[in-house]
Ligand SMILES: [Cu+2]
């Protein structure tokens, strides 16, 4: 049954709502995409670190729309905790700060890269290793979500090692 007819049947037959609810719970990804996704993601990769250490996720986001849209969250079935972070120099030291949103200007780009915005991936739920792909779902301020495959790369992939920034000051962003 295609998705539109499925939704139609859902509205017609409230009496089977409980059963349908169970179906949604089994496959949420198929229904997660919002209608207004205007962001394209490229160059998505993860700098893997050994021993289950937190890893950084990087990518380029392009906003095809005429309005600013913000990345407001991320999640992955392969990590127990996923946060949006930004590294920045503060009083002469590099700090990582949690961010609530990262704005992508209209018809513009936002780059997540070592030393700047990154997706902080913590508590891997299974062994993740270089060469794999990890799905990460990105959530945007317009209500849309997209699932993006991130290529897992070795620690010596381009840029400064993310792990160097850990153990430094973290504080909530005002
Ligand atoms: Cu971080």
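What ranking do 45-52, 78-85, 90-97 get when scored by the average of other Cβ atoms within 10 Å per residue, highest first? All intermediate terms of the calculation are to be shown ahead of the outcome.
Working: 45-52: 16.9, 78-85: 18.8, 90-97: 12.6.
The most tightly packed comes first, giving 78-85, 45-52, 90-97.
Of all beta bridges DSSP finds with both residues in the stretch 36-155, what is the antiparallel percent, to the nearest 5?
On the way: 41 of 44 bridges.
Once the DSSP bridges in the stretch 36-155 are tallied, antiparallel ones form about 95 percent.
Taking N as the number of residues in the stretch 36-155, what is its Cα Rg relative to 2.2 N^0.38 Å?
Numbers: Rg = 14.0 Å, N = 120, 2.2 N^0.38 = 13.6 Å.
It is 1.03.
By average Cβ neighbour count within 10 Å, what is the ranking of 112-118, 124-130 from highest down?
Numbers: 112-118: 19.1, 124-130: 12.3.
Ranking the peptides 112-118, 124-130 by packing returns 112-118, 124-130.
Place the peptides 131-139, 99-107 in order of packing, highest mean first, counting for every residue the other Cβ atoms within 10 Å and averaging per peptide. Intermediate values should be presented prior to the final figure.
Details: 131-139: 17.4, 99-107: 14.8.
Top of the packing list down: 131-139, 99-107.
Determine the distance separating the Cα centre of the stretch 86-104 from the Cα centre of the stretch 125-145; give it in Å without decimals.
If you average the Cα positions of each part, the centres end up 21 Å apart.
Since every read-out is calculated from the coordinates, none of them should be taken as a lab result. Keep in mind that this is a model prediction, so the values were computed, not measured. Note that each Cβ is placed from the backbone with ideal geometry, even for glycine, and that neighbours are counted across all protein chains shown.
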